[in-house]
Amino acid sequence: MPPDLTVSIEEFPVSGPDAGPYGITVGPDDALWFTMVHHGRIGRMTSDGELGSYRLAPASCGPTIITVGPDGALWFTEYRSHRIGRITTTGEIGSFPLPTPGAGPFGIAAGADGALWFTESGADRIGRITVEGAVTEFSLPVTGAFPSAIAAGPDGGLWFTMNQANAIGRIGVDGDVVVHPLPTADAAPVGITRGSDGAMWFVEIGAGQIGRIEPGGRIDEFPLPDRSARPHAIVADPHGDCWFTEWGANRIGRITPDGRIDEHGLPTPASEPHGIAAGPDGTLWAALETGALARLTPSAPR
């Protein structure tokens, strides 16, 4: 696929500018589910633009990353209230407090073992929660690591970014942790996703680079044209490419498996793109913290 892909972009307002749409995923109902981190709500938007939202308690709980669980519900982290939340596609809400004070859960992903795995950014731990709500925590061998995003790997493990430790970690379902330091100092990795090539792809918000790590630990880094773009989240599409948000540059980028990069500016200035998800119809969706969801439709033959 050529790197100069043509993309059309449309924005859909979903909240006021202070609600902070942040994490986003496609639910089992093919609707978009997203967190409103500053208003303590979970939003839902259908493919035809129908909007709904669900209030969490307290409103200050800070819902952050959201993902589909193995039980068909949506699971999300409550960064400020130190809980893991769950919402069904019909709007039934539950939450599970974490045993560690100040855990600060951030990233969350479904594992191959039928449980949800999450990062505890404030406690240097990785957590595991069953669909019944039983929580287990695993300490990292690094302090002050600020573990951030997490994603299931092709090898059955969970891979996560260690934002302040400048490393990528892997935890097996048995709790064994391996740490892979990054070649670039102060790279500050955040988002991570499983690529179609059997590797994990991640963003380096501090270095303005996209990284790739193989299951054996080999790391490659690809500098962005604008090193100050502040890449934040990343997702793989069904065609083999990865798409990422450039929070500091108001753009959405794409990287091919061989490292070619192209970028697409968002229509609204300073819209602060955060989370990104691949839609079921070949579109990409980004959560804009200023109050909208952006739909990107690639128009070139794929």
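Find the residue count for the range 95-132, including only residues that are free of Cβ contacts under 8 Å to residues at least 24 places away in the same chain, among the small types (G, A, S) and more than 18 Å from S60 (Cβ to Cβ).
Counting residues in the range 95-132 that are free of Cβ contacts under 8 Å to residues at least 24 places away in the same chain, among the small types (G, A, S) and more than 18 Å from S60 (Cβ to Cβ) gives 1.
Does S47 satisfy being in a loop (DSSP other than H, G, I, E, B), over 22 Å from C242 (Cβ atoms) and either among the aromatic types (F, W, Y) or out of contact with any Cys (no Cβ under 6 Å at 6 or more places or on another chain) (or both)? If you could, list the steps in order and put the result at the bottom.
Numbers: in a loop (DSSP other than H, G, I, E, B): yes; over 22 Å from C242 (Cβ atoms): yes; either among the aromatic types (F, W, Y) or out of contact with any Cys (no Cβ under 6 Å at 6 or more places or on another chain) (or both): yes.
Answer is yes for this residue.
What are the residue pairs meeting all of these: first residue in the range 200-215, first residue on the phi > 0 side of the Ramachandran plot, second residue open to solvent by less than 10 Å² (accessible area, probe 1.4 Å) and assigned to a strand (DSSP E or B), Cβ atoms under 8 Å, and 6 or more apart or on different chains?
What qualifies is G208/P231.
Which residue out of P298, P280 is modelled with pLDDT under 95 and open to solvent by less than 50 Å² (accessible area, probe 1.4 Å)?
Of P298, P280, the one residue that is modelled with pLDDT under 95 and open to solvent by less than 50 Å² (accessible area, probe 1.4 Å) is P298.
Quickly run through the range 97-106 and pick out the residues that are open to solvent by less than 20 Å² (accessible area, probe 1.4 Å) and not in a loop (DSSP other than H, G, I, E, B).
P105
For the range 26-33, check the following and say yes or no: at least one residue is aromatic (F, W, Y), crowded, with 23+ Cβ neighbours inside 10 Å and closer than 22 Å to W243 by Cα. It would help to see each step written out before you state the result.
To start, the set of residues in the range 26-33 that are aromatic (F, W, Y) comprises 33.
Filter once more, so that each one left must be crowded, with 23+ Cβ neighbours inside 10 Å: 33.
Okay, now just the ones that are also closer than 22 Å to W243 by Cα, so 33.
Yes, the range 26-33 contains at least one residue that is aromatic (F, W, Y), crowded, with 23+ Cβ neighbours inside 10 Å and closer than 22 Å to W243 by Cα.
Counting only residues that are open to solvent by less than 40 Å² (accessible area, probe 1.4 Å) and either touching a Gly at 6+ places or on another chain (Cβ under 7 Å) or aromatic (F, W, Y) (or both), which one in the range 107-123 is farthest from P215 (Cα to Cα)? Walk me through it before giving the result.
At the first step, the residues of the range 107-123 found to be open to solvent by less than 40 Å² (accessible area, probe 1.4 Å) are 107-111, 114-121, 123.
Applying the additional criterion that residues be either touching a Gly at 6+ places or on another chain (Cβ under 7 Å) or aromatic (F, W, Y) (or both) yields 110, 116-121, 123.
Details: A110: 18, L116: 21, W117: 18, F118: 20, T119: 20, E120: 23, S121: 23, A123: 26 Å.
In this case the residue turns out to be A123.
For the subset of the range 144-181 comprising residues that are of a type in the set (D, E, K, R) and over 15 Å from I213 (Cα atoms), which member is least open to solvent (accessible area, probe 1.4 Å)? Reasoning before the result, please.
Quick first cut of the range 144-181, residues of a type in the set (D, E, K, R) only: 155, 170, 174, 176.
Applying the additional criterion that residues be over 15 Å from I213 (Cα atoms) yields 174, 176.
Values: D174: 118, D176: 89 Å².
Filtering the range 144-181 for residues that are of a type in the set (D, E, K, R) and over 15 Å from I213 (Cα atoms), the one least open to solvent (accessible area, probe 1.4 Å) comes out as D176.
From the list G122, G156, which residue is in a loop (DSSP other than H, G, I, E, B), under 19 Å from the mean Cα position of the chain (by Cα) and closer than 18 Å to I84 by Cα? Let's see the steps before the verdict.
On the way: G156 fails: closer than 18 Å to I84 by Cα.
Exactly one of G122, G156 is in a loop (DSSP other than H, G, I, E, B), under 19 Å from the mean Cα position of the chain (by Cα) and closer than 18 Å to I84 by Cα, namely G122.
Which one is nearest to the chain's Cα centre (by Cα), of the residues in the range 56-68 that are assigned to a loop (DSSP other than H, G, I, E, B) and buried (at least 21 other Cβ atoms within 10 Å of the Cβ)? Steps first, please.
Applying the first criterion (assigned to a loop (DSSP other than H, G, I, E, B)) to the range 56-68 yields 56-62.
In the following step, the residues that additionally are buried (at least 21 other Cβ atoms within 10 Å of the Cβ) were identified as 56, 61-62.
Values: L56: 20, C61: 18, G62: 15 Å.
So the residue we want is G62.
Scanning the range 69-79 for residues that are touching a strand residue (DSSP E or B) at 6+ places or on another chain (Cβ under 9 Å) and in a loop (DSSP other than H, G, I, E, B), which turns out farthest from G275 (Cα to Cα)? Walk me through it before giving the result.
Initial filter on the range 69-79 (touching a strand residue (DSSP E or B) at 6+ places or on another chain (Cβ under 9 Å)): 69-71, 73-79.
This time we only want the ones that are in a loop (DSSP other than H, G, I, E, B), so: 69-71, 73, 79.
Values: G69: 18, P70: 21, D71: 23, A73: 19, Y79: 15 Å.
Checked the range 69-79; the qualifying residue farthest from G275 (Cα to Cα) is D71.
Checking the structure you have, find out if any residue of the range 228-247 is part of a strand (DSSP E or B), in contact with a Gly (Cβ under 8 Å, 6 or more places away or on another chain), open to solvent by less than 20 Å² (accessible area, probe 1.4 Å) and more than 26 Å from I171 (Cβ to Cβ).
Yes: one or more hits.
Restricted to the range 182-227, and to residues that are of a type in the set (V, I, T) and assigned to a strand (DSSP E or B), which residue is most open to solvent (accessible area, probe 1.4 Å)?
Per the criteria, the residue is I219.
Among the residues that make up the range 15-26, is at least one of them closer than 16 Å to A278 by Cβ and part of a loop (DSSP other than H, G, I, E, B)? Full working, then the answer.
Taking the range 15-26 as the starting set, the residues that turn out to be closer than 16 Å to A278 by Cβ are 23-26.
Pick out the ones that are also part of a loop (DSSP other than H, G, I, E, B) and you get none.
No: zero hits.
Is there a residue in the range 40-55 that is in contact with a Ser or Thr (Cβ under 7 Å, 6 or more places away or on another chain), open to solvent by less than 20 Å² (accessible area, probe 1.4 Å) and of a type outside the set (A, V, I, L, M)?
yes
Give me a count of the residues in the range 12-25 that are in contact with a Leu (Cβ under 9 Å, 6 or more places away or on another chain) and surrounded by fewer than 21 Cβ atoms within 10 Å (Cβ to Cβ).
2
Kindly provide the set of residues from the range 264-302 that are in a loop (DSSP other than H, G, I, E, B) and among the polar types (S, T, N, Q), ordered by number.
Going residue by residue through the range 264-302, those that are in a loop (DSSP other than H, G, I, E, B) are 266-272, 279-283, 289-291, 299-302.
Selection gives T268, S271, T283, T290, S299.
Working carefully through the options I9, I84, find the one that is open to solvent by 20 Å² or more (accessible area, probe 1.4 Å) and either part of a strand (DSSP E or B) or modelled with pLDDT of 95 or more (or both). Give the steps one after another, and end with the answer.
On the way: I84 fails: open to solvent by 20 Å² or more (accessible area, probe 1.4 Å).
Going through I9, I84 in turn, just one is open to solvent by 20 Å² or more (accessible area, probe 1.4 Å) and either part of a strand (DSSP E or B) or modelled with pLDDT of 95 or more (or both): I9.
The values are calculated or read from the model by the stated rules, or taken from the named source; none is laboratory data. Just so you know, these numbers come straight off a predicted model, no measurement behind them. Cβ coordinates were reconstructed from backbone atoms using ideal geometry, including for glycine residues, and neighbour counts include every protein chain displayed. Remember, those area values only see protein heavy atoms, side chains included, never the ligands or the DNA or RNA. Shrake-Rupley method; radii C 1.70, N 1.55, O 1.52, S 1.80 Å.
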